Amino acid sequence: MDQLEKIDEAIDRIETGLIVVFLSSMMILAFLQIFLRNVFMTGFAWGDMLLRNLVLWIGFIGATLATREGKHINIDIISRSLSPSVRGWVECVIHLFSLLICGLLTYASIKFIRNEFQMGTPTLLGIPIWILEAILPLTFGLMAFRFALRSIKSVSLSLNRGKIPNPGRDE
């Protein structure tokens, strides 16, 4: 379990670095596009497409970070009225359900990427489109891994202590 958490922490550092690099690149590229269009009536032909893909990548990487932090969107109106031990079990089931959904989305996005690979559609820069869309199975798979990690941690704590605490990063 400790080994999995160390892997998760290493991935977290990589994700945070990517977010910083991609967001900085987006701001610089967007500024250059606006400047070039307003001053020189031109711009980078590939700039808008790259900005759209960077938004996609930042959004999906942000979703994996939110999953790691336990800050993904959830509806907790029912769980607030439950006792802590019952709430823990409910949250464990929710994590398992989220794992299932992310696993299915990983599978579907792998099929999608395989189809894009077979079609070989190039982008404006000659990069195959499937490379830009590869963020989909990567992030869904990572979210599935993180939900699995939370589920394992919840069950382990339940067996050791007799109840499941609110699973989160700061345990």
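Worth a mention:
- Residue match in the stretch 98-110 (condition: hydroxyl-bearing (Ser, Thr, Tyr), surrounded by fewer than 17 Cβ atoms within 10 Å (Cβ to Cβ) and without any contact (Cβ under 8 Å) to a residue 60 or more places away in the chain): yes
- Residue in the stretch 34-41 that is within 24 Å of GLU133 (Cα to Cα) and of a type outside the set (Asp, Glu) present: no
- Test for GLU91: is it surrounded by fewer than 16 Cβ atoms within 10 Å (Cβ to Cβ), under 30 Å from LEU149 (Cβ atoms), acidic (Asp, Glu) and touching a residue at least 12 places away in the same chain (Cβ under 8 Å): no
- Residue in the stretch 25-47 that is assigned to a helix (DSSP H, G or I) and closer than 18 Å to LEU142 by Cβ present: no
- Scanning the stretch 1-24 for residues that are in contact (Cβ under 8 Å) with a residue 24 or more places away in the chain, assigned to a helix (DSSP H, G or I) and over 25 Å from GLU133 (Cα atoms) yields LEU4, GLU5.
- The single condition from (1) in a loop (DSSP other than H, G, I, E, B); (2) within 13 Å of the chain's Cα centre (by Cα); (3) under 25 Å from TRP130 (Cα atoms) that TRP57 fails is (1).
- Some residue of the stretch 115-125 being part of a helix (DSSP H, G or I) and either crowded, with 19+ Cβ neighbours inside 10 Å or of a type in the set (D, E, K, R) (or both): yes
Just so you know, all these numbers are worked out from the coordinates, no wet-lab data involved. In this text, all values refer to a predicted model and were calculated from it rather than measured experimentally. Please note: Cβ atoms are built from the backbone with ideal geometry, for glycine as well, and neighbour counts cover all protein chains shown.
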